[in-house]
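S.K.: Quick one: structure below, then a few questions.
What follows is calculated from the coordinates using simple rules that are stated; it is not laboratory data. Keep in mind the model is a prediction, meaning the values are calculated, not measured. Heads up, the Cβs are rebuilt from the backbone with ideal geometry, glycines too, and the neighbour counts pull from every protein chain shown.
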Amino acid sequence: MSPDPKPGITHRLTYTVPDTKTVPRLYPEYAEFQQMPEVFATGFLVGLIEGASQRAIKPYLDWPAEQAVGTQVSFSHLAATPPGLTITVDCEVVGVDGRRVGFRAHTRRPRPHFRGHARADGDRCRPLQPEARRQARAHRRLGRA
């Protein structure tokens, strides 16, 4: 690894959620997932954050001979996002200790009439909601009320 990666390096990634990244498609062999809503899966969100982190430090690696893999993930997934909406991931290097690089990531998606809405953050939680309410909110977000 180059000696150059330092705290403060940032990367922004925008991603439009496709139908193929929803909860029922995370593990098709699990019947329980098939009954879940068609919204962006937390498992895919982890991968998206990993991708943004990788892109932030890739210029400092001898790519592809040198790569980085995630070893610790901690965040809260705060809002359901249906396919077709765009998510923005802002990632920042917050610490470098030898070959270990720490990141902070914040994700958001546009929300009508608001400047932005957090999707994943470090220290908040979101209560469970009845499925009908969640589906109704997802349809309103897409203008299908």
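S.K.: What is the calculated FRET efficiency for LEU61 to ASP90, with r their C-beta to C-beta distance and R₀ = 25 Å, to the nearest 0.05?
M.R.: Calculated transfer efficiency: 0.75.
S.K.: Using the beta-carbon distance between VAL73 and ASP4 and R0 = 35 Å, what value does 1/(1 + (r/R0)^6) give for FRET efficiency, to the nearest 0.05?
M.R.: E between VAL73 and ASP4, to the nearest 0.05, is 0.90.
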